[in-house]
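The values are calculated or read from the model by the stated rules, or taken from the named source; none is laboratory data. Bear in mind the structure is a predicted one, so any value in this text is a computation, not a measurement. Don't worry about glycine lacking a Cβ; one is built from the backbone with ideal geometry, like all the others, and counts go over all protein chains shown. The area values use the complete protein model at the heavy-atom level, side chains included, leaving out ligands, DNA and RNA. Shrake-Rupley method; radii C 1.70, N 1.55, O 1.52, S 1.80 Å.
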Amino acid sequence: DMAKYTKLDPSALEVLKTLKSAGYKLGLLTNGDIETQYLKIDVVKLRPYFDVVMASLESGAMKPDPLPFITIANKLGVRKEECLYVGDVFFSDALGAKRSNMDYLLINNHRKRYYAPFVKQVKTLKEVLSYLNEKGLN
C-alpha cells in the first residue's frame, strides 16, 4: 500500500505548531478515498494538529464543490468568511475555496506552474504565516 510512503513537507509541523499555539482552529480537508486519505494522515502523524479532519466525500461532494468547504467551516464552528484555505491544487483547492467565498492561498512549490497574477499564491508553507501577519491575523 502506497499510503505508508507518504512524506510530509519538512516545515509543515513547525507551521502547524505555530498556528495552533496562536489559537487558530485548524481543519484538514482532503479529496480522495476516505480510508486511504486517513491512512496517509495517520502515517505522517498530522491528526493531533487539527481540530477537524475530513474527507470531502463525507460532505456528499468533492472539492471544488463548495459543500465540503462549507461543511468543514461549520464543523470548526467558524464562518467561511473567517477561513483561510491553503492548498496546492488550483482546480480543487483554490477554485473551490473561491467558489465558497473563503480566502485562499495556493502553494505553488515544486510544480512551478504559471497561474494568472490574481491567483493568490505562496511558494512555501512558511509564507502562510507571513500572509497572516500581514493581514494582522496573528
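Counting only residues that are within 14 Å of Tyr24 (Cα to Cα) and touching a strand residue (DSSP E or B) at 6+ places or on another chain (Cβ under 7 Å), which one in the range 76-110 is surrounded by the fewest Cβ atoms within 10 Å (Cβ to Cβ)?
Leu84
It is to be established whether one or more residues within the range 66-75 are of a type outside the set (Ser, Thr, Tyr), open to solvent by less than 30 Å² (accessible area, probe 1.4 Å) and assigned to a loop (DSSP other than H, G, I, E, B).
No; the residues of the range 66-75 include none that is of a type outside the set (Ser, Thr, Tyr), open to solvent by less than 30 Å² (accessible area, probe 1.4 Å) and assigned to a loop (DSSP other than H, G, I, E, B).
Give just the number: which of (1) open to solvent by 60 Å² or more (accessible area, probe 1.4 Å); (2) within 20 Å of Leu105 (Cα to Cα) does Ala12 not satisfy?
For Ala12, the failing item is (1).
For the range 15-25, how many residues meet the condition of being crowded, with 16+ Cβ neighbours inside 10 Å and either of a type in the set (D, E, K, R) or closer than 23 Å to Leu39 by Cβ (or both)?
Residues meeting the conditions: 3.
Restricting to the range 34-51, count the residues that are open to solvent by 60 Å² or more (accessible area, probe 1.4 Å), touching a residue at least 12 places away in the same chain (Cβ under 8 Å) and in a loop (DSSP other than H, G, I, E, B).
Summing the residues that are open to solvent by 60 Å² or more (accessible area, probe 1.4 Å), touching a residue at least 12 places away in the same chain (Cβ under 8 Å) and in a loop (DSSP other than H, G, I, E, B) in the range 34-51 gives 1.
I'm trying to understand the selection: among the residues of the range 117-131, which are of a type in the set (A, V, I, L, M, F, W, C) and either under 19 Å from Asn101 (Cα atoms) or not in a loop (DSSP other than H, G, I, E, B) (or both)?
Phe118, Val119, Val122, Val128, Leu129
Among the residues of the range 1-28, how many are part of a loop (DSSP other than H, G, I, E, B) and among the β-branched types (Val, Ile, Thr)?
Residues that pass the stated criteria total 1.
In this structure, does Met62 turn out to be modelled with pLDDT of 95 or more, out of contact with any Lys or Arg (no Cβ under 7 Å at 6 or more places or on another chain), open to solvent by 60 Å² or more (accessible area, probe 1.4 Å) and of a type outside the set (Lys, Arg)?
Criteria met by Met62.
Would you check if Met54 is under 21 Å from Tyr24 (Cα atoms), aliphatic (A, V, I, L, M), out of contact with any Asp or Glu (no Cβ under 6 Å at 6 or more places or on another chain) and not in a helix (DSSP H, G or I)?
Answer is yes for this residue.
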